[in-house]
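All of the numbers you see were taken from the coordinates with simple rules; none came from a lab. Note that the coordinates shown come from a computational prediction; the quantities given were computed from them, not determined experimentally. All Cβ positions, glycine included, derive from the backbone under ideal geometry; neighbour counts span all protein chains shown.
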Amino acid sequence: MRVNVSARHFKASDKLQEFATGEVMRLQKYFDNITSGDIVLSWQKGSKSTEIILNVNGTKLTANEDSHDFYKGIPKTVGKLESQLRKYKAKLYKR
């Protein structure tokens, strides 16, 4: 899976980028056909928001989370995508 990390209104450290990439790569154990993932980290007026967009077989799955800390917000966003992937996989194999 190809993962792209972008930061808005600040410069993300290498450590933060590696953490975010590692968390998103964990999602491959739930579904193998994830083509790519885009992580958008933004900082606005003290609020830090995380948006992750996954491309799965031509379908986009998106999750957002606002937090005071990226290291808490990223795992919450990945958790939301985890449940979306499970639902998508169940729906796909139900057909």
Review point. By a straight-distance test (C-alpha under 18 Å), which aspartates and glutamates pair with Lys45 as possible cross-link partners, with residues fewer than eight away in the same chain excluded?
Key: Glu65, Asp66, Asp69
Review point. Stretched out fully, how many nm does the piece from Glu18 to His68 gain, at 0.36 nm a residue minus the Cα gap?
Key: 16.1 nm
Review point. Given the C-alpha centroids of segment 59-86 and segment 12-43, what is the distance between them in whole angstrom?
Key: 10 Å
Study note, to complete from the structure: Taking R0 as 35 Å and r as the Cβ-Cβ distance between His9 and Leu92, the FRET efficiency 1/(1 + (r/R0)^6), rounded to the nearest 0.05, comes to 0.40
Review point. So for the pair Arg26, Met1, with labels modelled 7 Å out along Cα→Cβ, what separation do we get in nm?
Key: 1.2 nm
Study note, to complete from the structure: Here the chain gives, from Cα atoms, an Rg and Dmax in Å of 13.4, 46
